[in-house]
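Where a number appears in this text, it was derived from the coordinates with a stated rule and is not lab data. Given the structure is predicted, the values throughout are model-derived calculations rather than measurements. With ideal geometry, Cβ positions are generated from the backbone for all residues, glycine too; neighbour counts draw on all protein chains shown.
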């Protein structure tokens, strides 16, 4: 049985994983989820990326939106607003609230996030082993430029959701990452993997944050198995989200080739770019990373599964 | 301006207060609310009696039910159940959850319950000053007889809501009361009162618990102003709820006269019984408590207002 480890952010990672499960139904898939997006709202611990993976693979996701629950209602949020309690810009529905209430209650009772995530997954049965990258608190902050030329750091969610990445980002800082440890099971999963995949998640604030947990980047680079990624940039623009904005903050061009070079040959063995970026293949291969151009638009589960098959095929190829 | 202090439990207290506001629109009313019913559910602090007063006076109450919010939905609770997280026997609706989330967040931020209650009331504008009896944790437990003849203590809500008072109660213990202090403002309100009222709330687990906070009973007894109560027992049965069960646990008969004697002449100056209990008047007066028989069924706000007027009239009479 093939053991696949996937480093995943939110929507892009979750949709890719759904394709991967279809493409490799017999594989043992371990997902190392980004928790740098986690935020405390209303006294509750919210883990957007873990939940997006869990809901998507468990059949509870709001399909069009890509995050949050299907058939969602917003009574609690309306009532909180009636108390004057915000933020109003973060969309927490009633069904979603229940997840955060259970999580917060368990954390308050002393369970680490990894145990909480496992408990939540007993309901959702995502068909993968979902591990947070760390049980420690890591919070991605973005240094933005304010109107008067000053800079200040805001929580990633404030930058992403409230400001919609509309102000210049000058730096991305995974606060707490240096002191964090990989969650139980993370390093073992990487060491035991047959292949490691980077889905088309955000290379800075999703996969970059996971790799910022001391030990994870080294484990991936030293696993001695193929590491294959899929470009989240298609035709010089992010497939979804605003990855170009945070790429700019770390000085990386928003091109499929630049992202591959950003990961680097020491980490990445193979890289898939979209067919519209086939001109980038040579550039990526010059950087020592095997590269193929294939369709990378996850228009449905079938398209995501085809991408996963291409990634596994490229992994087999670099291994040979 | 007449200053009225009311010791109140949940539904009965709240409905009486609505009548009192109508009967004495210019009075300055301070409510000392029972918090012995408070319970931590799903990691959230729930204050059923305070909320019932707040929702009832603020226009948000579920009118027929007497507790909880009007137009309530139960999405969060259903989702918690889907996670296998209970208890299912406690009816927390989505609107209600928001109150508990705000309260728990504020308590987590270091605010005492009295400050939290004041903040919640800025939304509800109950038209009274609502104070919890204490900012300390007091939790009413009921010693029940289990099937095998053993006894165990359960939280009051478990006894009342889950078991529906269907098992024999052998004792009622306000755990933590001895170590508690009256909340800020409570003793000052009592000392400054022109009249103190006991609404037809449960004499054991509502008013009895408030009086169990060290200093409150002494302040009421020593205020030197009329203290008038209304019987929650009409025709030898509780008007609502299961007050007879907890009265039995403390060895008090479920009659209007027995409840008056339970409070005692040292505390109570006047007592209203229902017209069906007019035979009890003489017995109560023999115990040194002025007594009148008047209609005590709070069928609507008008009836509750008439009861409040009778209570204030009796207070004026005992003072004269």
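The radius of gyration of the Cα set in the range B:113-162, together with its Dmax, comes out at 16.7, 49 angstrom.
For the range B:207-260 versus the range A:106-184, the spacing of their alpha-carbon centroids is 53 Å.
At q = 0.26 Å⁻¹, what log₁₀ I(q)/I(0) does a Debye calculation on the Cα points of the range A:44-95 give, no solvent, two decimals? Taking Cα atoms of the range A:44-95 as identical point scatterers yields -1.03. Between B:271, B:89, B:124, the GNM of chain B built on Cα springs shorter than 10 angstrom shows B:89 fluctuating the most.
Across peptide A:106-113, the mean count of Cβ atoms from other chains lying within 10 Å of each residue's own Cβ comes to 1. How tilted is helix B:113-124 with respect to the longest principal axis of chain B? Cα atoms for both, answer in degrees (0 to 90, nearest 10). The answer is roughly 90 degrees. Inter-copy label distances for residue B:282: 11.6 nm (label point placed 7 Å from Cα along Cα→Cβ; shortest first).
Averaged over the residues of peptide A:82-88, the number of Cβ atoms from other protein chains lying within 10 Å of each residue's Cβ is 4.
Please average, across the residues of B:195-204, the number of beta carbons from any other chain that are within 10 Å of each residue's own beta carbon, and give a whole number. Neighbouring Cβ atoms belonging to other protein chains average 0 per residue here. Considering only A:276, A:53, A:143, the Gaussian network model of chain A with Cα springs below 10 Å gives its largest mean-square fluctuation to A:276.
Pairwise Cα distances in the protein assembly as shown exceed 47 Å in 34 percent of cases.
Starting from the label point of residue A:87 at 7 Å along Cα→Cβ, the same points in the other copies fall at 3.7 nm, in ascending order. Here the Gaussian network model covers chain B, with springs between Cα atoms less than 10 Å apart; of B:152, B:217, B:261, B:152 fluctuates the most. The orientation-averaged projection of the convex hull spanning the C-alpha atoms of chain B amounts to 16.0 square nanometres. Chain B has one residue whose beta-carbon comes closest to the axis relating it to chain A; that residue and its distance in whole Å are B:94, 3. The listed peptides A:193-204, A:68-79, ordered by packing as a protection proxy, come out as A:193-204, A:68-79 (highest mean of other Cβ atoms within 10 Å first).
The angle separating the long axis of helix A:11-23 from the principal Cα axis of greatest extent in chain A is about 50 degrees. Look at the Cα gyration tensor of the range B:80-209: its axes a ≥ b ≥ c give a/c of at least 1.5 with a/b at or below b/c, and that counts as oblate.
Helix A:94-108 and the long axis of chain A differ in direction by around 90°, with both axes built from C-alpha atoms.
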